[in-house]
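A quick write-up on the structure given underneath.
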Amino acid sequence: MDRLQILDPDPGWSVGPEWLRTALAEFRRDLLDPGYPCTFGRHALRAGDMHMTWVAHDDLSTLPGDLTAFVDRVSPEPERRQPLIVFVEPSPRMTTAADYDRRFWQILEYLHLHDDRPWPADVPADPDDPGWQFCFHGTSLFVFALAPSNRLRRSRRHPSCLVLSFQPRTVFDGIGVGTPAGNVTRTRIRDRLRRWDLVGRHPSMGEFDEMSDDEWRQYFITDDDADLHDRCPFRR
């Protein structure tokens with residue numbers, strides 16, 4: 001079975017093992033809620049622009065190929081906002097935020113180990129550089145996680161499993177910090193976040209009118225305002 005597929009918004013559509021069927025239903029339920037903060041995500045799902053795949057909790061071998069295929073598939077149309085959602089099989093060994101955070105960074109490191117292209121020359125390769133961003137298959141990607149350990153920060157919660165969202169950075173073209181469209185978008189999303197989440201905005205999300213350094217701090221955030229790491233945990 002081809003794991004890389006378009007995520008169908010139809011509640012009757014499902015694929016894969018039973019745990020994934022549950023995870024898909026939960027994910028769609030939240031994303032299609034009118035109050036969900038990320039309107040871009042909801043539009044991508046409804047428009048057939050949201051891609052999905054899944055991995056076993058103890059076998060990531062299918063993921064590098066799926067992410068490569070995704071990047072190749074969406075690169076010709078950078079103007080479309082097309083994310084890849086990766087569902088990770090639940091494991092009884094993962095219960096805390098630290099557990100999910102550790103697995104998240106292990107997955108990024110596994111992908112880097114199996115990357116078929118060199119790191120882009122225009123992106124710092126050193127994770128300790130403030131401008132570092134995760135890259136794969138020659139492409140800079142914004143990545144963030146949803147996890148069951150987040151109960152108050154509902155915008156970063158998935159009830160039953162770890163979920164990773166990969167987005168080529170071209171999705172931010174035209175809505176960057178300081179642009180009129182970007183200011184409108186950020187205002188709208190932050191207003192919706194205040195109503196959706198049960199806690200305030202995490203400090204790592206940066207200020208309204210400034211580009212934030214150490215973008216990696218936005219990849220995995222928890223219910224409280226603390227950072228789990230003093231320095232980027234990604235290791236080449």
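Odds and ends about this structure:
- Residue match in the range 130-152 (condition: at positive phi and small (Gly, Ala, Ser)): yes
- Scan the range 161-218 for residues that are modelled with pLDDT under 70, touching a helix residue (DSSP H, G or I) at 6+ places or on another chain (Cβ under 8 Å) and of a type in the set (A, V, I, L, M) and the total you get is 2.
A quick yes/no check of all residues on (1) in a loop (DSSP other than H, G, I, E, B); (2) in contact (Cβ under 8 Å) with a residue 40 or more places away in the chain:
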{"site": "ARG42", "(1), (2)": "no, no"}
{"site": "ARG46", "(1), (2)": "no, no"}
{"site": "PRO92", "(1), (2)": "yes, no"}
{"site": "TRP105", "(1), (2)": "no, yes"}
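- Taken together, the residues in the range 1-30 that are part of a loop (DSSP other than H, G, I, E, B), closer than 14 Å to TRP54 by Cβ and among the small types (Gly, Ala, Ser) amount to 2.
- ASP58 meets each of the listed conditions (1) modelled with pLDDT of 95 or more; (2) under 20 Å from GLU109 (Cα atoms) apart from (1).
- Among the residues here, ALA98 qualifies as assigned to a helix (DSSP H, G or I), under 22 Å from SER204 (Cα atoms) and not hydroxyl-bearing (Ser, Thr, Tyr).
- Residues of the range 27-48 classified as open to solvent by less than 40 Å² (accessible area, probe 1.4 Å) and of a type outside the set (A, V, I, L, M), total: 9
- Some residue of the range 13-36 being modelled with pLDDT under 95, more than 17 Å from the chain's Cα centre (by Cα) and of a type in the set (Ser, Thr, Tyr): yes
- As a summary of the residue check, PHE166 satisfies the conditions (1) open to solvent by 30 Å² or more (accessible area, probe 1.4 Å); (2) aromatic (Phe, Trp, Tyr); (3) part of a strand (DSSP E or B) except for the one numbered (1).
- Every condition in (1) touching a residue at least 24 places away in the same chain (Cβ under 8 Å); (2) of a type outside the set (S, T, N, Q); (3) under 21 Å from VAL171 (Cα atoms) holds for TYR110 except the one numbered (3).
- Residues that are open to solvent by less than 40 Å² (accessible area, probe 1.4 Å), within 27 Å of TYR36 (Cβ to Cβ) and in contact with a strand residue (DSSP E or B) (Cβ under 6 Å, 6 or more places away or on another chain) are absent from the range 119-132.
- With respect to being open to solvent by 10 Å² or more (accessible area, probe 1.4 Å), part of a loop (DSSP other than H, G, I, E, B) and among the charged types (D, E, K, R), ARG80 fits the description.
- Among the residues making up the range 58-77, those that are touching a residue at least 40 places away in the same chain (Cβ under 8 Å) and open to solvent by less than 70 Å² (accessible area, probe 1.4 Å) are LEU60, THR62, LEU63, PRO64, ASP66, LEU67, THR68, ALA69, PHE70, VAL71, VAL74, SER75.
- All of PHE136, PHE87 fail the test of being within 25 Å of ASP8 (Cβ to Cβ), among the hydrophobic types (A, V, I, L, M, F, W, C) and open to solvent by less than 30 Å² (accessible area, probe 1.4 Å), apart from PHE87.
The values are calculated or read from the model by the stated rules, or taken from the named source; none is laboratory data. On a predicted model such as this, the values are computed, not experimentally measured, just so you know. Cβ sites come from the backbone with ideal geometry, for glycine too, and all protein chains shown count toward neighbours. Each accessible area value is taken on the protein alone, full model and side chains, heavy atoms only, with ligands, DNA and RNA left out. Shrake-Rupley method; radii C 1.70, N 1.55, O 1.52, S 1.80 Å.
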